[in-house]
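The structure appears below as structure tokens.
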Amino acid sequence: MNARDASFDVVVAGRGAVGAATALGLAQVGLRVGWVGPAAPVPATEPQGWDSRVFALSPGTRELLRSLRVWDAMPAARIAPVYDMRVYGGPQADAPELHLDAYSGRIEALAWIVEHRMLVRTLDAAIGFAGVASIDDAVTAMRVDDGPLGAATLELASGRTLAAKLVVAADGADSTLRTLAGIAPQVRAYGQRGVVANFDTTLPHGDTAFQWFGEDLGVLALLPLPAASPERGRASMVWSAPDALAETLLSLSPEALAERVAEATHHTLGALTTITPAQSFALRLIRVPRLIAPRMVLVGDAAHAMHPLAGQGMNVGFGDVAVLLDVLRGREPYRELGDPLLWRRYERARREAVSLMQDATDGIKRAFGPLPAPLVGLRDLGWRAVARSDWMRRRMIAQAAR
Ligand SMILES: Cc1cc2nc3c(=O)[nH]c(=O)nc-3n(C[C@H](O)[C@H](O)[C@H](O)COP(=O)(O)OP(=O)(O)OC[C@H]3O[C@@H](n4cnc5c(N)ncnc54)[C@H](O)[C@@H]3O)c2cc1C
């Protein structure tokens with residue numbers, strides 16, 4: 001299709017995973033969808049190696065991806081279930097442990113670890129069959145006619161224009177569309193970088209995710225990956241490290257990095273061998289005053305960014321998609337797609353869920369940041385109380401399962 005000056009029911013801007021799921025879902029409810037953004041550099045076939053960018057996807061996300069007929073199209077051998085989670089309230093070997101498990105939460109798994117590029121490639125393939133017009137370009141400007149017969153017109157870097165009744169901004173944490181709509185975000189840098197890398201391990205992980213907290217350490221997680229054999233393991237690291245430590249980690253040789261991570265994790269998974277080079281991402285808290293604007297809805301990181309310590313940013317983004325699709329399915333026949341009443345339903349349904357997750361992750365991050373001595377004692381007491389409380393643990397599992 002020649003997308004020059006094309007017109008659609010909905011244009012989704014942003015070709016990350018959240019934008020892809022949105023475009024696919026909208027096409028599946030029968031709308032004419034344009035999907036614009038710079039094409040992700042995703043290889044057409046699965047490379048041998050492992051993507052160091054992985055996500056812990058929740059049961060709620062799996063449900064959405066199943067309903068989009070995407071989940072079962074991903075190769076099961078590349079997905080690792082997480083049945084247990086062991087979280088340590090300190091960096092030391094004998095730090096108090098909080099144990100969460102799927103069995104006592106009566107759920108199949110706490111999460112599934114999925115590679116980013118596999119997820120995006122599977123979504124891309126499904127979109128190819130769904131009749132979505134994929135446009136390799138970037139949005140640079142926008143005009144909105146908000147009348148009942150109006151439309152939003154997007155200008156693209158190439159000079160093309162796209163018109164639509166509704167625009168979904170899925171263009172990430174530094175969203176251009178959010179700025180074009182006049183929505184000013186509150187941004188707070190965490191002073192940490194998320195350093196990610198994958199390792200082969202001499203001990204099996206037992207389908208368990210491990211996480212350590214510490215003031216100097218930051219938050220260090222080892223997530224299970226499918227292993228080559230039952231006797232050995234493979235793990236993906238997400239180390240939310242203070243900026244200076246992150247720089248050091250990124251400067252280490254693969255051998256020195258493996259040694260450093262093995263030490264910091266008390267050799268829980270034995271000796272490590274680095275199998276993918278380390279990459280890093282700046283960590284920020286981004287809150288927006290509004291999730292909607294005339295003829296625009298924000299989803300994914302364009303609507304909210306949070307600390308990755310709970311592995312929830314993408315899950316919350318997929319939660320946005322699920323609600324957006326529900327709102328459309330419940331649309332009265334006389335309401336046009338850009339009707340603000342429709343999108344206020346979306347905003348009402350998402351605001352609390354998004355704030356709760358942002359407040360929770362931010363609160364935990366602060367609790368393990370620099371604290372006056374009496375508060376450190378209080379925090380440790382609180383941690384032990386939570387770790388011992390079945391009720392609290394069940395609540396945490398229920399929250400993670402969304
Ligand atoms: C270290 C780390 C670990 C994480 N782990 C987890 C986890 O385990 N579980 C989880 O749920 N979440 C996790 N997250 C959060 C997750 O990475 C993000 O929430 C998710 O990637 C956001 O996806 P998105 O599609 O909204 O945005 P993005 O992936 O940022 O995609 C935005 C897209 O918009 C495009 N774009 C930009 N500008 C324009 C424009 N002008 N016009 C058109 N397109 C444009 C970009 O090219 C990009 O393709 C983690 C984050 C970090 C940093």
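No lab work stands behind these numbers, since they all come straight from the coordinates. Given the structure is predicted, the values throughout are model-derived calculations rather than measurements. FYI the Cβ positions are ideal-geometry reconstructions off the backbone, even for glycines, and counts take in every protein chain you see.
Descriptive notes on the structure:
- Compared with the dominant Cα axis of the chain, that is its longest principal axis, helix 313-329 is turned about 30°.
- Per residue, the convex hull spanned by the Cα atoms of segment 333-401 amounts to 124 cubic angstrom.
- Along each principal axis, Cα extent of segment 268-395, largest first, Å: 59, 38, 28
- Sequence of Ser58, Ser52 once ranked by neighbouring C-beta atoms within 10 Å, starting from the fewest: Ser52, Ser58
- Hydrodynamic radius (Kirkwood) for segment 104-154, which is based on Cα pairs only, to one decimal in Å: 15.4
- Karplus-derived 3J(HN,Hα), 6.51/-1.76/1.60, for each residue of segment 177-187, Hz, glycine and proline x: 5, 4, 5, 4, 7, x, 9, 9, x, 9, 10
- In this Cβ point-charge picture (+1 for Lys and Arg, -1 for Asp and Glu), segment 100-178 has a dipole of about 120 debye about its Cα centre.
- Placing R0 at 22 angstrom, the Cβ-Cβ distance between Ala73 and Arg402 gives a FRET efficiency of 0.45 after rounding to 0.05.
- Shown here are the Rg and Dmax of the Cα trace of segment 53-108, at 14.8, 44 Å.
- Using a Gaussian network model of the chain in which every pair of alpha carbons under 10 angstrom is joined by a spring, one finds that among Tyr190, Tyr88, Tyr334 the greatest mean-square fluctuation is at Tyr334.
- Electrostatic dipole magnitude of the chain [Cβ: Lys, Arg +1; Asp, Glu -1; Cα centre; debye, to 20]: 1040
- Within-10-Å neighbourhood charge of Leu337 [Cβ basis; K, R +1; D, E -1]: +1
- Here the Kirkwood formula, the inverse mean of 1/r across different C-alpha pairs, assigns the chain a hydrodynamic radius of 22.1 Å.
- Each residue, Glu259 and Asp174, gets one label point 7 Å from its Cα in the Cβ direction; the gap between the two is 3.6 nm.
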